[in-house]
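Trainee: Here's a structure for you.
None of the figures in this text is laboratory data; all of them are computed from the coordinates on show. The shown structure was predicted, so the numbers you read here are calculated from the model rather than taken from an experiment. Glycine also receives a Cβ, built like all others from the backbone with ideal geometry; neighbour counts cover every protein chain displayed.
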Amino acid sequence: MSLIPMTPQQTPSAISAILFDKDGTLMDFQGSWGPWAQGVILEICGGPGEKAEAWRWRWDLTWHRCGFTPTVR
């Protein structure tokens, strides 16, 4: 940590880039986000049921493989 005051333009950043890889070329998008999305839907909806099913459909999430299904609407 520097004791010399720095302006925001001079402050070094720990993050130099952000990589978006939604198609799964570098990391398994389905494996990373599918289980998270399912858990969020079920928690918000208070468990399985019609409300969770509506959210699942809206997010194109399949319960059986816990992943997203590409769709064209």
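Trainee: With each pseudo-label sitting 7 Å past Cα toward Cβ, what's the L19-C45 distance in nm, one decimal?
Mentor: Once both label points are built, they end up 3.4 nm from each other.
Trainee: Using a 10 Å cut-off on Cβ atoms, rank the peptides 47-60, 30-43 from the highest mean neighbour count down. Intermediate results must be reported in sequence, preceding the final value.
Mentor: Working: 47-60: 12.9, 30-43: 15.0.
Order by mean packing, descending: 30-43, 47-60.
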